[in-house]
Number of protein chains: 2
Amino acid sequence: MKIAFDARLEGAERADWWRALTDALPDDDWIDPAAEGTQSARWREADIAVVANPLPGRLAHCTRLKLIQSLWAGVDRLLADATLPARVPIARMVDPMMNRAMAETAMWAVLSLHRRAFDYAAQQRQTRWRALPQRRADEVAVLVLGLGQMGRTTALQLAALGYRVSGWSARAQAVDGVETHAGWASLPAVLGAADIVVNLLPLTDDTRGLFDRTRLAQMRAGASLVNLARGAHVVEKDLLVALNTNHLAHAVLDVFDSEPLPATHVFWFHPHVTVWPHAAAQTDLRSAAAVVAANVEAVRRGEPPSHLVDRSRGY
Amino acid sequence: MKIAFDARLEGAERADWWRALTDALPDDDWIDPAAEGTQSARWREADIAVVANPLPGRLAHCTRLKLIQSLWAGVDRLLADATLPARVPIARMVDPMMNRAMAETAMWAVLSLHRRAFDYAAQQRQTRWRALPQRRADEVAVLVLGLGQMGRTTALQLAALGYRVSGWSARAQAVDGVETHAGWASLPAVLGAADIVVNLLPLTDDTRGLFDRTRLAQMRAGASLVNLARGAHVVEKDLLVALNTNHLAHAVLDVFDSEPLPATHVFWFHPHVTVWPHAAAQTDLRSAAAVVAANVEAVRRGEPPSHLVDRSRGY
């Protein structure tokens with residue numbers, strides 16, 4: 001099959017992806033728009049597009065597509081392209097290695113908050129020696145927002161560490177051994193019961209700007225926010241007020257309204273903000289290439305691909 | 001029974017322990033040397049001494065002791081008292097909550113090193129946005145030194161997170177699902193195969209100064225050391241050289257030769273040293289008091305207490 005590869009990636013990272021994908025599907029006919037252009041006959045005849053945030057409009061030329069396969073888990077930027085052919089199914093990346101990486105980052109953030117690692121780091125900068133009170137994990141209520149693949153993996157791993165874990169999602173989702181809640185009406189009470197809130201929601205019209213003044217006020221005083229999903233979930237100026245008034249204790253942020261986070265942004269310098277450079281869960285080349293290959297094989301056999309996006313939901 | 005309580009603790013912490021212990025054993029006759037002195041007839045007649053690093057010589061007056069119960073897991077400072085009555089059994093604190101706290105700190109340190117949290121903290125101070133390469137947990141070799149209660153719990157938890165975990169102890173110990181090694185002859189090869197070394201050994205004549213120039217040189221280039229046991233396990237000036245020559249990448253240290261760590265000590269200021277104030281695993285009052293009560297009941301019934309120290313081994 002003809003497979004178009006359109007990834008807004010640069011240099012070595014782009015080359016690594018190209019090699020991993022073509023190694024995983026060596027007998028297919030790969031089309032690199034960087035080499036062939038997007039006006040070529042081959043581009044227009046592509047059967048499958050494997051993409052990472054392609055420039056809007058480029059896939060509109062591909063009239064024979066049977067599948068658009070995203071290399072990334074979040075497809076909000078992809079779906080923002082209004083010219084995307086409406087009849088072509090879109091698959092998200094659901095990579096077990098990426099789920100594990102996300103759960104690791106969430107565990108790191110929760111352990112850091114629970115065991116006061118950010119406070120000890122501040123004390124080190126002040127050469128201050130003082131052991132802080134130690135709580136048991138089962139005294140710490142952790143809320144995971146979003147119970148997709150990443151949210152489920154994260155909730156299960158946190159529960160295995162002994163935390164009092166609950167989960168929330170817009171529509172009901174069961175997770176073995178984890179108390180789950182569903183629907184917008186339940187969110188204020190669920191938020192108010194958590195010491196640590198881990199956001200793993202998809203970015204949709206419903207969740208954009210979710211953590212505004214009102215929602216942040218619904219959080220328990222002294223609680224902390226861990227945002228590993230999208231910067232646009234959080235109204236940054238409202239979060240800043242919540243931190244500066246000591247309503248919230250700390251924020252661990254991997255994602256921001258504007259990325260890279262501008263050098264003049266106060267989050268870089270805030271004593272109660274931990275900044276990561278959108279690195280909570282990088283896609284693992286090898287396992288992601290295998291996931292792409294499995295979906296290409298499904299199309300080849302005429303079977304439905306996995307992890308299809310529901311455009312009306314937005315994820 | 002008459003129970004002497006001799007803890008080198010101050011203020012609220014001492015009062016909290018007194019209350020937790022006397023609540024757990026309300027019908028026994030508790031003796032507080034701070035109130036009654038150590039020259040009183042009641043002190044000399046104590047059946048059991050519950051102690052936390054008592055001043056050397058004080059227990060020599062207690063001639064009827066059937067058990068010395070330590071509130072702390074490490075008994076190296078207790079055993080250094082040469083006047084300790086030789087025939088009296090000594091029990092260490094083995095508190096399941098403390099084991100879990102230690103495993104949490106070890107997981108936090110390993111996740112921080114594996115997922116580059118210390119590097120991202122340094123980048124935040126430089127307002128630098130750069131995602132660093134992400135390894136899978138099964139590509140990271142973690143060695144746990146010491147396979148007592150804390151080492152076993154830690155090794156099992158790290159293995160559950162997907163790390164390539166091995167364990168080492170002076171004498172052979174099996175841990176389900178973890179590759180274990182024993183004996184001093186095997187240590188150089190075991191050390192040389194690890195990316196992260198977590199020290200949970202007891203402090204004995206054999207392990208004092210273990211991480212000296214020779215041992216540190218046996219560690220893999222670019223590896224990191226996590227010392228959660230005793231400061232005296234590490235020759236601090238040799239560790240400093242290993243860090244300054246970039247042989248080791250990072251050290252996470254909870255314990256030091258001199259505690260509190262002196263304000264002028266270079267470890268406070270070193271970019272590749274993380275300092276915690278001996279807070280990796282604080283004894284949990286409630287569960288520790290229950291452990292003490294169980295051992296007191298054993299003595300009362302004439303049964304052997306649990307977790308007795310072998311003075312010839314030193315732990």
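The values are calculated or read from the model by the stated rules, or taken from the named source; none is laboratory data. As the structure is a prediction and not an experimental result, all values here were calculated from the model. Positions of Cβ are backbone-derived with ideal geometry, glycine not excepted, and every protein chain shown enters the neighbour counts.
The table that follows gives values for the structure above.
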item: Within region B:111-129, considering residues that are touching an Asp or Glu at 6+ places or on another chain (Cβ under 9 Å) and not hydrophobic (A, V, I, L, M, F, W, C), the one surrounded by the most Cβ atoms within 10 Å (Cβ to Cβ); result: B:ARG115
item: Which numbered condition A:VAL88 misses (of (1) surrounded by fewer than 22 Cβ atoms within 10 Å (Cβ to Cβ); (2) out of contact with any strand residue (DSSP E or B) (no Cβ under 6 Å at 6 or more places or on another chain); (3) more than 14 Å from chain B (Cβ to nearest Cβ)); result: (2)
item: Residues that are at the interface with chain A (Cβ under 9 Å from one of its Cβ atoms) and closer than 30 Å to A:PHE269 by Cβ, drawn from region B:127-141; result: B:THR127, B:ARG128, B:TRP129, B:ARG130, B:ALA131, B:LEU132, B:PRO133, B:GLN134
item: Evaluation of B:HIS247 against (1) surrounded by fewer than 14 Cβ atoms within 10 Å (Cβ to Cβ); (2) farther than 22 Å from B:ALA185 by Cα; (3) away from every other protein chain (no Cβ under 13 Å) (one fails), failing number; result: (1)
item: Count - residues of region B:91-112 that are at pLDDT below 95 and within 7 Å of another protein chain (Cβ to nearest Cβ); result: 1
item: Residue in region A:161-189 that is nearest to B:ALA106 (Cα to Cα), counting only those that are of a type in the set (Phe, Trp, Tyr) and touching a His at 6+ places or on another chain (Cβ under 9 Å); result: A:TYR163
item: Any hit, region B:127-138, residues being of a type in the set (Gly, Ala, Ser), in a helix (DSSP H, G or I) and touching a His at 6+ places or on another chain (Cβ under 8 Å); result: yes
item: Criterion (at negative phi and touching a residue at least 40 places away in the same chain (Cβ under 8 Å)) met by exactly one of A:GLY148, A:GLY192, A:GLY167; result: A:GLY148
item: A:VAL144 being more than 14 Å from chain B (Cβ to nearest Cβ), in contact with a Gly (Cβ under 7 Å, 6 or more places away or on another chain), in a strand (DSSP E or B) and of a type outside the set (S, T, N, Q); result: yes
item: Flag if B:THR207 is under 19 Å from B:MET102 (Cβ atoms) and among the hydroxyl-bearing types (Ser, Thr, Tyr); result: yes
item: Test: residue in region A:53-63 that is more than 24 Å from A:GLU303 (Cα to Cα) and either acidic (Asp, Glu) or within 14 Å of chain B (Cβ to nearest Cβ) (or both); result: no
item: One residue from B:ARG300, B:ARG286 being over 23 Å from B:THR214 (Cβ atoms) and more than 14 Å from chain A (Cβ to nearest Cβ); result: B:ARG300
item: Selection from region A:36-50 of residues that are touching a helix residue (DSSP H, G or I) at 6+ places or on another chain (Cβ under 9 Å) and among the acidic types (Asp, Glu); result: A:GLU36, A:ASP47
item: Within region A:1-34, considering residues that are more than 23 Å from the chain's Cα centre (by Cα) and basic (Lys, Arg), the one surrounded by the most Cβ atoms within 10 Å (Cβ to Cβ); result: A:LYS2
item: Residue satisfying all of: in region A:215-264; charged (D, E, K, R) and in contact (Cβ under 8 Å) with a residue 24 or more places away in the chain; nearest to A:SER112 (Cα to Cα) among these; result: A:ASP254
item: Scope region A:243-277; condition outside any loop (DSSP other than H, G, I, E, B) and of a type in the set (S, T, N, Q); matching residues; result: A:ASN244, A:THR274
item: Within region B:113-122, tally of residues that are within 8 Å of another protein chain (Cβ to nearest Cβ) and either free of Cβ contacts under 8 Å to residues at least 40 places away in the same chain or within 15 Å of the chain's Cα centre (by Cα) (or both); result: 5
item: Residue in region B:144-159 that is touching a Pro at 6+ places or on another chain (Cβ under 6 Å) and either closer than 26 Å to B:ALA242 by Cβ or not assigned by TED's automatic domain parsing to the domain that holds B:ALA80 (or both) present; result: no
item: Enumeration of residues in region A:173-223 that are β-branched (Val, Ile, Thr) and either outside the structural domain of A:ALA109 (by TED's automatic domain parsing) or within 21 Å of A:VAL252 (Cα to Cα) (or both); result: A:VAL190, A:ILE196, A:VAL197, A:VAL198, A:THR207, A:THR214
item: Residues located in region B:51-69, provided they are in contact with a helix residue (DSSP H, G or I) (Cβ under 6 Å, 6 or more places away or on another chain) and closer than 22 Å to B:LEU201 by Cα; result: B:ASN53, B:GLN69
item: Residue match in region A:217-239 (condition: within 14 Å of another protein chain (Cβ to nearest Cβ), under 25 Å from A:GLY74 (Cβ atoms), in contact with a His (Cβ under 8 Å, 6 or more places away or on another chain) and surrounded by 16 or more Cβ atoms within 10 Å (Cβ to Cβ)); result: no
item: Matching residues, region B:268-279, being facing chain A (nearest Cβ under 9 Å) and touching a strand residue (DSSP E or B) at 6+ places or on another chain (Cβ under 9 Å); result: B:TRP268, B:VAL273, B:THR274, B:VAL275, B:TRP276
item: Subset of region B:94-103 [assigned to a loop (DSSP other than H, G, I, E, B) and surrounded by fewer than 22 Cβ atoms within 10 Å (Cβ to Cβ)]; result: B:VAL94
item: Any hit, region A:299-307, residues being farther than 19 Å from A:VAL235 by Cβ and part of a helix (DSSP H, G or I); result: yes
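Matching residues to (1) assigned to a loop (DSSP other than H, G, I, E, B); (2) farther than 30 Å from B:GLY162 by Cα; (3) among the small types (Gly, Ala, Ser); (4) within 23 Å of the chain's Cα centre (by Cα):
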{"residue": "A:GLN124", "(1), (2), (3), (4)": "no, yes, no, no"}
{"residue": "A:MET150", "(1), (2), (3), (4)": "no, no, no, yes"}
{"residue": "A:THR153", "(1), (2), (3), (4)": "no, no, no, yes"}
{"residue": "A:ALA159", "(1), (2), (3), (4)": "no, no, yes, yes"}
{"residue": "A:ALA189", "(1), (2), (3), (4)": "no, yes, yes, no"}
{"residue": "A:ARG208", "(1), (2), (3), (4)": "yes, yes, no, yes"}
{"residue": "A:ARG215", "(1), (2), (3), (4)": "no, yes, no, yes"}
{"residue": "A:SER224", "(1), (2), (3), (4)": "no, no, yes, yes"}
{"residue": "A:VAL241", "(1), (2), (3), (4)": "no, yes, no, no"}
